[in-house]
Amino acid sequence: MKTFMTFPRPEFFDILGIGTFFFITVVSLRTVLFSRPFPEWAVYCLLVIGVLGLLVDGYIVYKTYFK
């Protein structure tokens, strides 16, 4: 019987980050393209966070799982 649980490596959680940043990016782009009522500064802030997050997490996932 095992006494310790094995946890996934930290890179595993970047997969969840990709989904989160993808969602933020899509919502931001939809808001910008279709002029939904959101403060403009918030939309651009979310867009920057989303794109940067996708790039960073995508790179980590690619390096960890596909290379």
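Overview of results
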read-out	value
Output for the range 20-41, where each listed residue is loosely packed, with under 12 Cβ neighbours inside 10 Å and of a type in the set (Gly, Ala, Ser)	Ser35
Residues being under 13 Å from Ile49 (Cβ atoms) and among the hydroxyl-bearing types (Ser, Thr, Tyr) - total across the range 12-35	3
Filter result for Tyr44 (assigned to a helix (DSSP H, G or I), of a type outside the set (Asp, Glu), without any contact (Cβ under 8 Å) to a residue 24 or more places away in the chain and exposed (fewer than 12 other Cβ atoms within 10 Å of the Cβ))	no
Qualifying residue in the range 32-39 (condition: part of a helix (DSSP H, G or I), out of contact with any strand residue (DSSP E or B) (no Cβ under 9 Å at 6 or more places or on another chain) and of a type outside the set (Phe, Trp, Tyr))	yes
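Yes/no matrix, rows are residues, columns are (1) under 17 Å from Phe66 (Cβ atoms); (2) within 17 Å of the chain's Cα centre (by Cα); (3) at pLDDT 85 or above:
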| residue | (1), (2), (3) |
| --- | --- |
| Asp14 | yes, yes, no |
| Ser28 | no, yes, no |
| Phe34 | no, no, yes |
| Cys45 | no, yes, no |
| Val51 | no, yes, yes |
| Leu55 | yes, yes, yes |
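The values are calculated or read from the model by the stated rules, or taken from the named source; none is laboratory data. Here the structure is a predicted model, which is why all the values come from computation and not from measurement. Counting neighbours? That spans all protein chains shown, and the Cβs are built from the backbone with ideal geometry, glycine included.
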